[in-house]
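S.K.: Mind having a look at this structure? Questions to follow.
The values are calculated or read from the model by the stated rules, or taken from the named source; none is laboratory data. Keep in mind that what you see is a predicted model, and the values were worked out from it rather than measured. All Cβ positions, even for glycine, are placed from backbone atoms using ideal geometry, and neighbour counts span all protein chains on display. With ligands, DNA and RNA removed, areas are computed over all heavy atoms of the protein, side chains included. Shrake-Rupley method; radii C 1.70, N 1.55, O 1.52, S 1.80 Å.
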Amino acid sequence: MGRPKPPLLVVEDDQGLQAQLKWAYEDFDVIAASDRDSALAALRSAEPAVVTLDLGLPPDPDGTTEGFAILDAIMALKPDTKVIVASGHGARESALQAIERGAYDFYHKPVDIDSLGLVVRRAFNLHRIEAENRRLASRVSENATVLGNIITAAPEMTKVARMIERVGNTGVSVMLLGASGTGKELLARGLHDSSGRKGRAFVAINCAAIPETLLEAELFGHEKGAFTGAVKTTEGKIEQAQGGTLFLDEVGDIPLPLQVKLLRFLQERTIERIGGRKAIAVDTRIVCATHQDLEKMIAAGTFREDLFYRLAEIVVKIPPLAERTGDAVLLAKHFLMRFAREMNPTIKGFAPDALEAIDTWNWPGNVRELENRVKRAIIMADDKLISAEDMDLNQADDDMAEALNLKSARERSDRAMIRHALARSEGNISTSAKLLGISRPTLYDLLKQYDLQP
Ligand SMILES: Nc1ncnc2c1ncn2[C@@H]1O[C@H](COP(=O)(O)OP(=O)(O)OP(=O)(O)O)[C@@H](O)[C@H]1O
Ligand SMILES: [Mg+2]
């Protein structure tokens, strides 16, 4: 298999241990160094993402001065390197000091190869997430559009944002399809803001939240005395959106009789208030959204096909958050910056376990769920850094047991890498194989082994 192994720098003066580690980490290209000069030379040439560093090195093999000096040098040269320090028995003090100086983690000697292997693997994983996040963050500013409120660096979502921007000025009716919390309302506003109607009213109505009997009056308004309780003439939402944009959220929930009335408005662009006699011309842009499968509803006769085509001159499908490569971490950092300032300014960021959990969580509630979990964590966190537990993203106990199993940890990281490569290459096998540094047949084997779809 032609997969290039990532370099792992092991700074260790015990030759026997060096050899043992080389043997133990067959997945990595282990580069051993036993002093400061060779360690820093290897850091420059191989640029390892992860370094394990023995603190007790000559000329101070029983102390920590040389180890700390190397740690400081690594942090100055390549601050994103994940350094895992090894300290002798009972040296908790120096381990903590190392963390303060920028080390990622520590372990105690004597070395337990399996548990150190897990720490090393997680360090590589975190380094990958952070590197990707930096790359994405720089892409966000390049992507800055009128849709400035939409945070994304994922190609899957950038495509959507560009489409919204392009149709903004055309006046065509747009239907947004996406699961809950994917940003339907945010995109509807973005559409309004990128049209000539910006500055006029943006009126949103959630058709699922209003009882059927009231929805007609909500939409079309009523004249005084039209029905019991109609004490004064009231404009409906459609009229309120005069000159602007009307956002019909959960449009699939509009009952059939009202669908007919809405269709008539879309054809004639005039409304009559309930109990009114005159036709009122309304110029408004219609944007609608639903999480329902309207095609199924049309087949079942519960949604009018003619209305569908009026509402959906353009259909925009919003991908779920889990399918936006790298966006979860990006958005989490965005929400943290936004809310920590007012809610809990002592919070400085996410702990590594939180970043990992955010990257791998499936986000069934999409961006809304992420936003809520970050807010909750900002309130809950005792520390400067938010942990996975603060976000309530702790995996179940048996999951943890599984995480301690090297084979499954490896499998999980393989899966993650393959998914990333496939997403980036839009499912192209050759490109993905190239990105992963493996042959096409090997990739096919892995896809089969892990039951993944290209
Ligand atoms: N790409 C994004 N960048 C920044 N914030 C976002 C993004 N997508 C969604 N949000 C935020 O997430 C929250 C949910 O978004 P929104 O209300 O637009 O989703 P929705 O699809 O209408 O959800 P629901 O189905 O629950 O009504 C909002 O606070 C919104 O500002
Ligand atoms: Mg909504």
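S.K.: Hey, does the range 214-233 have a residue that's within 16 Å of ligand 1 (Cβ to nearest atom) and farther than 30 Å from A328 by Cα?
M.R.: First, pick out the residues of the range 214-233 that are within 16 Å of ligand 1 (Cβ to nearest atom): none.
Among the residues of the range 214-233, not one is within 16 Å of ligand 1 (Cβ to nearest atom) and farther than 30 Å from A328 by Cα, which makes the answer no.
S.K.: For the range 28-44, give me the residue count where each residue is part of a loop (DSSP other than H, G, I, E, B) and open to solvent by less than 50 Å² (accessible area, probe 1.4 Å).
M.R.: Number satisfying all stated conditions: 2.
S.K.: Shifting gears a bit: Pairs please, first residue from the range 178-202 and free of Cβ contacts under 8 Å to residues at least 60 places away in the same chain, second anywhere and open to solvent by 50 Å² or more (accessible area, probe 1.4 Å) and not polar (S, T, N, Q), Cβ atoms under 8 Å, 6+ apart in sequence or on different chains.
M.R.: Going by the 8 Å Cβ cut-off, the qualifying pairs are G190/V146; G190/E165; D193/V146; S194/V146; S194/E165; F202/R189.
S.K.: Suppose the filter is within 12 Å of D249 (Cα to Cα) and within 14 Å of ligand 1 (Cβ to nearest atom); does L191 pass it?
M.R.: no
S.K.: With the requirement that a residue be outside any helix (DSSP H, G or I) and either at pLDDT 80 or above or of a type in the set (S, T, N, Q) (or both), what does the range 402-425 give you?
M.R.: Hits for the range 402-425 are N405, S425.
S.K.: Does any residue of the range 242-252 turn out to be assigned by TED's automatic domain parsing to the domain that holds N169, open to solvent by 20 Å² or more (accessible area, probe 1.4 Å) and within 24 Å of D293 (Cα to Cα)?
M.R.: Checked the range 242-252: at least one residue is assigned by TED's automatic domain parsing to the domain that holds N169, open to solvent by 20 Å² or more (accessible area, probe 1.4 Å) and within 24 Å of D293 (Cα to Cα).
S.K.: Sticking with this structure for a sec: Which ones in the range 205-227 are under 21 Å from G244 (Cα atoms) and among the hydrophobic types (A, V, I, L, M, F, W, C)?
M.R.: Residues satisfying the conditions are I205, C207, L215, A217, L219, F220.
S.K.: Additional query: Among the residues of the range 112-153, count how many are modelled with pLDDT of 80 or more, over 17 Å from the mean Cα position of the chain (by Cα) and of a type in the set (A, V, I, L, M, F, W, C).
M.R.: 7
S.K.: Let me ask another. Taking the range 215-271 on its own, how many of its residues are within 29 Å of V167 (Cα to Cα) and assigned to a loop (DSSP other than H, G, I, E, B)?
M.R.: 9
S.K.: I've got another one for you. Mind listing whichever residues of the range 181-219 are open to solvent by 70 Å² or more (accessible area, probe 1.4 Å) and either touching a Ser or Thr at 6+ places or on another chain (Cβ under 8 Å) or of a type in the set (D, E) (or both)?
M.R.: Matches in the range 181-219: E185, R200, E212, E218.
S.K.: Right, next: Residue by residue through the range 61-113, note down the ones that are of a type in the set (F, W, Y), open to solvent by less than 30 Å² (accessible area, probe 1.4 Å) and not in a helix (DSSP H, G or I).
M.R.: Y107
S.K.: In the range 61-87, what count of residues is obtained for those that are more than 33 Å from the chain's Cα centre (by Cα) and closer than 20 Å to G16 by Cβ?
M.R.: Final tally of qualifying residues: 6.
S.K.: Please work out which residue is nearest to ligand 2 (Cβ to nearest atom), limiting yourself to the range 331-366 and to residues that are touching a residue at least 60 places away in the same chain (Cβ under 8 Å) and touching a Phe, Trp or Tyr at 6+ places or on another chain (Cβ under 9 Å).
M.R.: Applying the filter and picking the extreme gives K333.
S.K.: Still on this structure, I have one more. Got a number for residues in the range 154-181 being away from ligand 2 (no atom under 16 Å from the Cβ), over 21 Å from D283 (Cβ atoms) and more than 15 Å from the chain's Cα centre (by Cα)? Show your work before the answer.
M.R.: Just the residues of the range 154-181 that are away from ligand 2 (no atom under 16 Å from the Cβ), to begin with: 154-159, 161-163, 165-173.
Still in the running and over 21 Å from D283 (Cβ atoms): 154-159, 161-163, 165-166.
Pick out the ones that are also more than 15 Å from the chain's Cα centre (by Cα) and you get 159, 161-163, 165-166.
Residues meeting the conditions: 6.
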